[in-house]
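J.: Here you go, one structure.
The values are calculated or read from the model by the stated rules, or taken from the named source; none is laboratory data. Please read all numbers here as calculations on a predicted model, not as lab measurements. Counting neighbours? That spans all protein chains shown, and the Cβs are built from the backbone with ideal geometry, glycine included. Accessible surface is based on the protein model in full, side chains and every heavy atom, while ligands, DNA and RNA are left aside. Shrake-Rupley method; radii C 1.70, N 1.55, O 1.52, S 1.80 Å.
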Amino acid sequence: NELQPTDIHRDIDNALTLMGYKLREKNITVKKIYCNDLPEVNAYVGELNQVWTNLIDNAIYALPKNGELTIETICDSKNVNVKFMDNGIGIPPEIVSRIFDPFFTTKKVGEGTGIGLDLVNRIIKHHSGEIKVNSKPGRTEFVICIPIPEIKKNN
């Protein structure tokens, strides 16, 4: 399992396809706001794909029927930021501080991917990135920032 260059947009699209039946079940609209010149990112691709799948799964779980999931990427020369925003009920303030704890879940047995945000957090750290959450009723966003390795110039 080594670092490989990957196209994050394609990877997220694949995760959306994978979760397609769940999205259709609740008639969730997915809005994609992708930046134009996304650089390839060196990643542990299998791990990162678990992150996308997990965050999409969590959003679906939080959303009511006919809800909306927005996935936005923002790129600059140093980082790729990926935002997952849903207009679900929000995460209660007393839980927010615990959502990255190991084994913490609000889902019933068999309803989650079993990955959990603790693993998501560890995978992002493994990529020297960070994940933040902002939640209020009607809007929850997870923001992931992954640094783009500097290209070594041969002088």
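J.: Cβ contacts < 8 Å: first residue touching a residue at least 12 places away in the same chain (Cβ under 8 Å), restricted to the stretch 81-110; second residue in a loop (DSSP other than H, G, I, E, B) and open to solvent by 90 Å² or more (accessible area, probe 1.4 Å), any location; separation 6+ or different chain. Result?
T.: As it stands, the answer is I89/P137; G90/P137; F104/R98, since those pairs meet every condition given.
J.: Mind checking which residues of the stretch 4-33 are part of a strand (DSSP E or B) and either modelled with pLDDT of 95 or more or of a type in the set (D, E) (or both)? If you could, list the steps in order and put the result at the bottom.
T.: Residues of the stretch 4-33 that are part of a strand (DSSP E or B), as a first pass: 4-6, 29-33.
Within the stretch 4-33, T29, V30, K31, K32, I33 qualify.
J.: Now, a different point. Does at least one position in the stretch 17-34 carry a residue that is closer than 19 Å to P149 by Cα and open to solvent by 70 Å² or more (accessible area, probe 1.4 Å)?
T.: No, the stretch 17-34 contains no residue that is closer than 19 Å to P149 by Cα and open to solvent by 70 Å² or more (accessible area, probe 1.4 Å).
J.: Restricting attention to the stretch 46-58, does a residue exist that is in a strand (DSSP E or B), among the aromatic types (F, W, Y) and modelled with pLDDT of 90 or more?
T.: If we filter the stretch 46-58 for residues that are in a strand (DSSP E or B), which is where we start, we get none.
No, because not a single residue in the stretch 46-58 is in a strand (DSSP E or B), among the aromatic types (F, W, Y) and modelled with pLDDT of 90 or more.
J.: Is it fair to say N66 is outside any helix (DSSP H, G or I) and over 18 Å from the mean Cα position of the chain (by Cα)?
T.: Numbers: outside any helix (DSSP H, G or I): yes; over 18 Å from the mean Cα position of the chain (by Cα): yes.
The answer is yes for N66.
J.: Among what's in the stretch 113-135 and is at pLDDT below 90 and open to solvent by 40 Å² or more (accessible area, probe 1.4 Å), pick the residue that is nearest to N58 (Cα to Cα). Break it down into steps so the answer makes sense when it comes.
T.: We begin by selecting, within the stretch 113-135, every residue at pLDDT below 90; these are 113-116.
Within this subset, residues satisfying the condition of being open to solvent by 40 Å² or more (accessible area, probe 1.4 Å) are 113-114.
Details: T113: 9, G114: 11 Å.
The qualifying residue nearest to N58 (Cα to Cα) is T113.
J.: Considering A15, A43, which residue is in contact with a Phe, Trp or Tyr (Cβ under 8 Å, 6 or more places away or on another chain) and either of a type in the set (A, V, I, L, M) or within 18 Å of H126 (Cβ to Cβ) (or both)?
T.: A15
J.: Working only within the stretch 50-102, note down all residues that are under 13 Å from V30 (Cβ atoms) and surrounded by fewer than 14 Cβ atoms within 10 Å (Cβ to Cβ).
T.: N66
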